[in-house]
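Q: Here it is: the structure, laid out below.
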Amino acid sequence: MLYHLYDAWQAMLAPARFTAEAVKTAAQNPLSPLSYMPAARSLAAGAELFERTTRKFGKPEFGLPETKIDGKKVKVTEVTIDEKPFATLTHFKRDTDRKDPKILIVAPMSGHFATLLRGTVEALLPNHEVYITEWVDARLVPLREGRFNLDDYVAYVMDYCKILGPDTHIMAVCQPAVPVFMAVAVMNAQDDKNTPKSMTLMGGPIDPRVSKTAVTELAEQRPLSWFEQSVVTNVPMYYPGAGRRVYPGFMQLSGFMQMNLDRHVGSHLKFYQHLIQGDGEDAQRHRKFYDEYLAVMDLTGEFYLQTVEMVFQKHLLPKGQMKWKDPKTDKLYDVDATKITKTALMTVEGELDDISATGQTLAAHDLCSELPANMHYTHTQDGVGHYGIFNGRRWRDEIQPRIADFIRQIDKTKYTPIVKSIKVAKQWKKAPLKTTPKAKKS
């Protein structure tokens, strides 16, 4: 019923949005008398603000046609490597003969599309062969394709590692830190030849008990039945995934917005002012960010509920009680972090992260107690929140160069270090790593 009400509300607003578009066009068109009125800019700004805040945004494009390698522009083509019912593996193929380390970015399945990591991909392209998981909106997947839960997610990650081969480095941004950690642990235990050479976990809930956030507190305060009854609903009959139980994207977006409501309201008020003042550059930056941020997708209900229960309520991974059920054989495997001995580990956290607070990702090092000390790396970035660890200036200038150096050190390839401040743990069990110093500005 939730979905039907939301779609009905969208349909009711359609005429008003159409009117707002017409008013905006008339107030900006030099051939229209309305554009010469004293309040024309205010009228156009208000119309655009209304249209944008009530619109349903579709999946954006990555839009990365080229990159720069050694100071030269190089063409980039998106190539589909593998298609599954709930995900597509995409390769950003660079038109160059240069051999760089392969990196598989596992995008979060937490409401936004993989394009939220556009800045992540863009910064990695000059130094890596980049692959990314593009998760499919669950409302578009027919019921005949079956379920998709946390076990299936882990299986997808393992399949992609096998497709890309043994020289792959894997990166999990936010939510996938747990399933990626699970996949790597199982592959290490099985001595799989395609086990990733390194694993970079960025702002993920490896151990949510370490530091509390609004996300962890909500999960701990409510029983699982509340989540199932309150936020999981059926996809309406007019979508391809009719009847599938999902956690709708619009509800997730509502949660995202409420966490920082004053910031979003302030941003939209500034956008309105920029439009009135004719500040096109700042207004365009706002459009670009919110075109991405407001584009959301549905998650399967079973994946969402299993994640809430196992990761945020029972904390099975840090307790050493997590198990993985192979979807193909129904066989249960222990997720034993002590078996991770071949995959180097780097964790990245943001000082101001209010989604996966500091310490939650760092906990992965304690779990990997048998991994040699010189294969533990970490970095905590000062002055950034959750999104700042994989997008923006700090990501490009300070975080990404350290990850690139880490991967090349593990890859044992000859290279010129991008930064000289990356650190490795000497005695991990005796003392945790400290934040690496900031990189010097070039």
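The values are calculated or read from the model by the stated rules, or taken from the named source; none is laboratory data. Model, not experiment: these values are computed from the prediction. Please note: Cβ atoms are built from the backbone with ideal geometry, for glycine as well, and neighbour counts cover all protein chains shown.
Conditions tested, residue by residue: (1) of a type in the set (Gly, Ala, Ser); (2) closer than 20 Å to residue 217 by Cβ; (3) modelled with pLDDT under 95; (4) not assigned by TED's automatic domain parsing to the domain that holds residue 211.
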{"position": "343", "(1), (2), (3), (4)": "no, no, no, no"}
{"position": "353", "(1), (2), (3), (4)": "no, yes, yes, no"}
{"position": "373", "(1), (2), (3), (4)": "yes, no, yes, no"}
{"position": "378", "(1), (2), (3), (4)": "no, no, yes, no"}
{"position": "381", "(1), (2), (3), (4)": "no, no, yes, no"}
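For (1) of a type in the set (Gly, Ala, Ser); (2) modelled with pLDDT of 90 or more, each residue gets a yes or a no:
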| position | (1), (2) |
| --- | --- |
| 46 | yes, no |
| 51 | no, no |
| 62 | no, yes |
| 75 | no, yes |
| 80 | no, yes |
| 86 | no, yes |
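Q: For the stretch 53-130, list the strands (runs of 3 or more DSSP E) that sit wholly inside it and hold at least 3 residues that are of a type outside the set (D, E, K, R); which are they?
A: On the way: elements: 66-69, 72-84, 87-94, 102-106.
Passing ranges, in order: 72-84, 87-94, 102-106.
Q: Oh, and also: Take the residues in the stretch 314-359 that are among the hydrophobic types (A, V, I, L, M, F, W, C) and surrounded by fewer than 18 Cβ atoms within 10 Å (Cβ to Cβ), then tell me which one is farthest from residue 195 (Cα to Cα). Explain how you work it out, then say what you get.
A: As a first pass, look at the stretch 314-359 and keep what is among the hydrophobic types (A, V, I, L, M, F, W, C): 316-317, 322, 324, 332, 335, 337, 340, 344-346, 348, 352, 355, 357.
The next check asks that each one be surrounded by fewer than 18 Cβ atoms within 10 Å (Cβ to Cβ); those that pass are 316, 332, 352.
Numbers: 316: 23, 332: 19, 352: 33 Å.
The residue in question is 352.
Here's the yes/no breakdown for (1) outside any helix (DSSP H, G or I); (2) touching a His at 6+ places or on another chain (Cβ under 9 Å); (3) farther than 30 Å from residue 189 by Cβ:
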site	(1), (2), (3)
354	yes, yes, yes
366	no, no, no
379	yes, no, no
385	yes, no, yes
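Q: Evaluate the stretch 163-173: report whether one residue or more is at pLDDT 95 or above and farther than 28 Å from residue 69 by Cβ.
A: no
Q: Now for a separate question. Any chance you could count how many residues in the stretch 303-335 are in contact (Cβ under 8 Å) with a residue 40 or more places away in the chain and part of a helix (DSSP H, G or I)?
A: Number satisfying all stated conditions: 13.
Q: Considering only the stretch 283-309, state which residues are among the small types (Gly, Ala, Ser) and within 20 Å of the chain's Cα centre (by Cα).
A: The first filter runs over the stretch 283-309 and keeps only residues among the small types (Gly, Ala, Ser), leaving 283, 295, 301.
Selection gives 295, 301.
Q: Pairs, please: C-beta under 9 Å, at least 6 apart or cross-chain, first residue on the phi > 0 side of the Ramachandran plot and in the stretch 35-55, second crowded, with 16+ Cβ neighbours inside 10 Å and modelled with pLDDT under 85?
A: Correct list of pairs: empty, since none qualify.
Q: Regarding the stretch 25-45, can at least one residue be identified that is in a strand (DSSP E or B) and surrounded by 12 or more Cβ atoms within 10 Å (Cβ to Cβ)?
A: We begin by selecting, within the stretch 25-45, every residue in a strand (DSSP E or B); these are none.
No - not one qualifying residue is present in the stretch 25-45.
Q: Before we move on, is residue 86 surrounded by 15 or more Cβ atoms within 10 Å (Cβ to Cβ) and either outside the structural domain of residue 125 (by TED's automatic domain parsing) or closer than 20 Å to residue 268 by Cβ (or both)?
A: On the way: surrounded by 15 or more Cβ atoms within 10 Å (Cβ to Cβ): yes; either outside the structural domain of residue 125 (by TED's automatic domain parsing) or closer than 20 Å to residue 268 by Cβ (or both): no.
Judged against the criteria, residue 86 is not a match.
Q: Say we look at the stretch 260-299 and pick out the residues that are without any contact (Cβ under 8 Å) to a residue 12 or more places away in the chain and among the charged types (D, E, K, R); which of these is farthest from residue 146 (Cα to Cα)?
A: Ranking the qualifying residues of the stretch 260-299, first place goes to 279.
Q: Still on this model: Go through the stretch 229-278 residue by residue and tally those that are within 18 Å of residue 2 (Cα to Cα) and basic (Lys, Arg).
A: 2
Q: Among the residues of the stretch 190-198, is any of a type in the set (Ser, Thr, Tyr), crowded, with 24+ Cβ neighbours inside 10 Å and at pLDDT 95 or above?
A: Start the filter on the stretch 190-198 by keeping residues that are of a type in the set (Ser, Thr, Tyr), which leaves 195, 198.
Narrowing further to those that are crowded, with 24+ Cβ neighbours inside 10 Å: 195, 198.
In the following step, the residues that additionally are at pLDDT 95 or above were identified as 195, 198.
Looking for residues that are of a type in the set (Ser, Thr, Tyr), crowded, with 24+ Cβ neighbours inside 10 Å and at pLDDT 95 or above, one finds at least one in the stretch 190-198, hence yes.
Q: Please report, ordered by residue number, the helices (runs of 4 or more DSSP H) entirely within the stretch 196-282 with at least 3 residues that are outside the structural domain of residue 48 (by TED's automatic domain parsing) and more than 23 Å from the chain's Cα centre (by Cα). Full working, then the answer.
A: Numbers: elements: 214-221, 224-230, 249-259, 261-277.
Where helices (runs of 4 or more DSSP H) fall fully within the stretch 196-282 and carry at least 3 residues being outside the structural domain of residue 48 (by TED's automatic domain parsing) and more than 23 Å from the chain's Cα centre (by Cα), they are 224-230.
Q: What number of residues in the stretch 387-408 are touching a helix residue (DSSP H, G or I) at 6+ places or on another chain (Cβ under 7 Å) and in a helix (DSSP H, G or I)?
A: Result for the stretch 387-408: 8.
Q: Does residue 132 satisfy being touching a Phe, Trp or Tyr at 6+ places or on another chain (Cβ under 8 Å), of a type in the set (A, V, I, L, M, F, W, C) and assigned by TED's automatic domain parsing to the domain that holds residue 346? Show your work before the answer.
A: Values: touching a Phe, Trp or Tyr at 6+ places or on another chain (Cβ under 8 Å): yes; of a type in the set (A, V, I, L, M, F, W, C): yes; assigned by TED's automatic domain parsing to the domain that holds residue 346: yes.
Spelling it out, residue 132 is indeed touching a Phe, Trp or Tyr at 6+ places or on another chain (Cβ under 8 Å), of a type in the set (A, V, I, L, M, F, W, C) and assigned by TED's automatic domain parsing to the domain that holds residue 346.
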